[in-house]
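Written out below as structure tokens is the structure these notes cover.
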Amino acid sequence: MKNVEENELLQGDIRKNLLRISIPTMLGFVLQAVYDIVDMIWVGRISASAVAGVTIFSTVFWLVEVLNEIIGSSSVSLITQSYGKKDMERTQVVVEQTLAFKALVAIVAAIIMSIILQPLLGFFTTDAEVLKSALDYGYIRIFFLPIMFSSYSVNTALRCLGDTKTPMKIMVVSAILNIVLDPVFMFDIIPGTNIPGFGMGVFGAALATVISVVVAFLIGFYILLKGNEKLKISFKGLFKLDWEIDRKLLTIGLPSGVEVLMRNLSGIAILKFVSSYGTNTVAATGIGTRLFGFAFMPIIGIVMGASTIVGQALGAEYLERATDTAKFAAVVNVIMMSVLTIISMIFPDKIMKIFIEDPEVIKIGIPMIRLLIPSLILAGWAMGLGSVFTGSGYNTPFLVSSIVSRWVVQMPILFLATKIFKLPVIFVWLSFFAAEIAEIIIVLYHYNKGVWKINRV
């Protein structure tokens, strides 16, 4: 068995190692975001109501992301630190427990979500067409939630071991499948051809996505079961619950989970404020949200790569290497987001036209893009430095930053702008920028405070 000193991520040039592990991860996450982007592009060809319906469901649906985040963020620190110590037995058990426990949690979440979905959607709209689109898109996504969670877990496990190329390849296959199936399932005649489709509308978009997710899971799961020189899981181990590890999966990631919950609840509140401006604004917001999420994926890729190295470095007690990795990750994120900002400033109308032809929606969306995308520069810096929190298992700073930035800063601005002063919708977009400024201040404070340097799982 290799010793710690032979771990390839803990040796050599930090910048090369980070880019080597992060670029495939980044591409994988970008391709993951392609699912939703492609859906929205095709849904935009149906109607603004369809876009609004998918937007509302997606906002509500990602409430369950809190559960994925709790267990997912815990698994990153547990797997990387165990692997950094070269405790392969514990590494295997953590991976098995992550898969088993997260699937169990997803089943419970899916049952609850299916029961409350319709009344929850009714909170945002009374438009029958919008509501129908949301339900058509939503129920099948909920049904396959356990598979979605499991697919995330498989890819996370592989990345934590330093294998970022395999998840990327899986996502390439899955994304291509989604792109091909979307128009086939959605339209009576595939746009631009004379080939007949199934004409399922927004349900077809959701069906294409879940099929792609299922394929991604099956490929990744087979690879983990087959095993390699780094890790092989046992099928029997998936049917055992280890409370010591399961407790850590819940507690270590709880701040991250609550952070995602706070962020998603703020997304729901924002959508409620936005809905007062009408269906076209909701549609524009949905497009903007997908774009923001898509643009955010390179940041996530870099952060995941950095967190893997940081976690392994902390497990091996290489503190300086962990620090340098996080700083370089922040710099890379700022550079990438600056490039995206320039593009969004120059071509906002062309970006909107990719998704929808409605001139009113495009008009609303142009200033939104010009204000939302630049805020990612601040987010990239904060998230890059924040990789030390994920790697160490000290996730409290993200919780504090989310609560303060979204609920102490952004929500009051939105309330004043929409309810008190009845200001134009551009003030909604400005609130995002204010939130990101608050977030980076808090992350910098906790980074410099240094609790993450001594925290271990």
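List of remarks:
- Between residue 251 and residue 194, the FRET efficiency from the beta-carbon distance, with R0 = 45 Å, is close to 0.20.
- Multiplying the residue separation of residue 132 and residue 454 by 0.36 nm and removing their Cα-Cα distance gives an extension gain of 110.8 nm.
- By average C-beta atoms within 10 angstrom, highest first, the peptides 373-381, 445-453, 280-288: 280-288, 373-381, 445-453
- The calculated FRET efficiency for residue 13 paired with residue 226, based on their beta-carbon distance and R0 = 25 Å, is about 0.20.
- Remark on segment 13-453: ratio of C-alpha radius of gyration to 2.2 N^0.38 Å is 0.95.
- Computing FRET efficiency as 1/(1 + (r/R0)^6) for residue 173 and residue 422, where r is the C-beta to C-beta distance and R0 is 35 Å, gives about 0.10.
- From least to most packed, judged by other beta carbons within 10 angstrom and beginning with the fewest, 429, 407, 243 follow the order 243, 407, 429.
- Measure of compaction for segment 332-399 (Cα Rg per 2.2 N^0.38 Å): 1.44
- Label point distance in nm, residue 243-residue 327, each placed 7 Å from Cα along Cα→Cβ: 4.5
- Neighbour-count order for 229, 65, 360, fewest beta carbons within 10 angstrom listed first: 229, 360, 65
- Listed cross-link partners 85/230; 272/422; 16/165; 86/169 are compared with a 18 Å cut-off, the Cα-Cα value being larger for 86/169.
- Burial ordering of 188, 246, fewest other beta-carbon atoms within 10 Å first: 188, 246
- Proximal lysines relative to residue 449, as straight alpha-carbon distance under 25 Å, when same-chain residues fewer than 8 apart are discounted: 248, 327
None of the figures in this text is laboratory data; all of them are computed from the coordinates on show. Note that this is a predicted model, so its numbers are computed, not measured. Here the Cβ is made from the backbone with ideal geometry for all residues, glycine too, and neighbour counts use every protein chain on show.
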